[in-house]
């Protein structure tokens, strides 16, 4: 299998079917041998049933259910473990990203990069979320980790299988290791780059992220990350 698109799903009942169908359509139109892996992270709104429906209808759709909500990082970890395609793409299940851009990620991976992250050039978020993101990217991602990445927290990323399987993405002990997924890849010796992508308003549903807690969570995880990964590579 050339590509797996891992959808990270928590209470996205109305977005799952159109987003999954669009991914499969992109595969077909571009001649990509791919599947969609739906990670239902303990949804409580009927998303699980819709995921099962899609898996029954399409042979290249699979579903993994978490028994309860574990969080985005654990959903990513499950996707990495359960997929064995050459390229693993993670995508938020809120339909704020365009599956038509999947071929652009694959092209960059084929050019030799291990990890490709999307940079939301027209981010459809409020000013507070954009400010927090800019501050994080400037002071932590760029200054501390020396990565020329403008949008680490984009929910649309691609990984070579080797990077996804061997970068030691283990969320245990963290409040949100996904916020350090690109620094982790870099610390582990994998090449990281970025491509521009579009970002849209949610067609339906709501975000469960409490952005007033994010700076504190990020700071706490930074020290955990430093102790676990950076000190051991000093």
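Structure summary
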{"read-out": "Which listed residue is touching a helix residue (DSSP H, G or I) at 6+ places or on another chain (Cβ under 7 Å), assigned to a helix (DSSP H, G or I) and at pLDDT below 95, from 203, 215", "value": "215"}
{"read-out": "Residue check, residue 79 out of contact with any helix residue (DSSP H, G or I) (no Cβ under 8 Å at 6 or more places or on another chain), assigned to a helix (DSSP H, G or I) and modelled with pLDDT of 95 or more", "value": "yes"}
{"read-out": "Of the criteria (1) more than 17 Å from the chain's Cα centre (by Cα); (2) at negative phi, which one residue 7 fails", "value": "(1)"}
{"read-out": "Top-ranked residue of region 115-127 - restricted to ones that are surrounded by fewer than 21 Cβ atoms within 10 Å (Cβ to Cβ) and either in contact with a strand residue (DSSP E or B) (Cβ under 9 Å, 6 or more places away or on another chain) or part of a loop (DSSP other than H, G, I, E, B) (or both), ranked as modelled with the lowest pLDDT", "value": "126"}
{"read-out": "Test: residue in region 168-183 that is buried (at least 19 other Cβ atoms within 10 Å of the Cβ) and modelled with pLDDT under 90", "value": "no"}
{"read-out": "Region 82-95, subset assigned to a loop (DSSP other than H, G, I, E, B) and under 22 Å from residue 33 (Cβ atoms), residue modelled with the lowest pLDDT", "value": "84"}
{"read-out": "Scan of region 182-196 for residues that are assigned to a helix (DSSP H, G or I) and out of contact with any strand residue (DSSP E or B) (no Cβ under 7 Å at 6 or more places or on another chain), ordered by number", "value": "183, 184, 187"}
{"read-out": "Residue in region 101-111 that is under 16 Å from the mean Cα position of the chain (by Cα), assigned to a loop (DSSP other than H, G, I, E, B), within 14 Å of residue 192 (Cα to Cα) and modelled with pLDDT of 95 or more present", "value": "no"}
{"read-out": "Odd one out for residue 24, checked against (1) closer than 23 Å to residue 1 by Cα; (2) buried (at least 19 other Cβ atoms within 10 Å of the Cβ); (3) touching a residue at least 40 places away in the same chain (Cβ under 8 Å)", "value": "(3)"}
{"read-out": "Every pair of residues 6+ apart whose Cβ atoms lie under 7 Å, when the first sits in region 217-234 and is on the phi < 0 side of the Ramachandran plot and surrounded by 11 or more Cβ atoms within 10 Å (Cβ to Cβ) while the second is at pLDDT below 90 and in a helix (DSSP H, G or I)", "value": "218/136; 222/140"}
{"read-out": "Residues located in region 53-76, provided they are part of a loop (DSSP other than H, G, I, E, B), more than 20 Å from the chain's Cα centre (by Cα) and surrounded by 18 or more Cβ atoms within 10 Å (Cβ to Cβ)", "value": "none"}
{"read-out": "Cross-chain or 6+ apart pairs with Cβ under 6 Å, region 45-57 first and at positive phi and at pLDDT 95 or above, then surrounded by fewer than 15 Cβ atoms within 10 Å (Cβ to Cβ) and not in a helix (DSSP H, G or I)", "value": "none"}
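The values are calculated or read from the model by the stated rules, or taken from the named source; none is laboratory data. These figures come from a predicted structure and were not determined experimentally. Backbone-built Cβ (ideal geometry, glycine too); neighbour counts: all protein chains shown.
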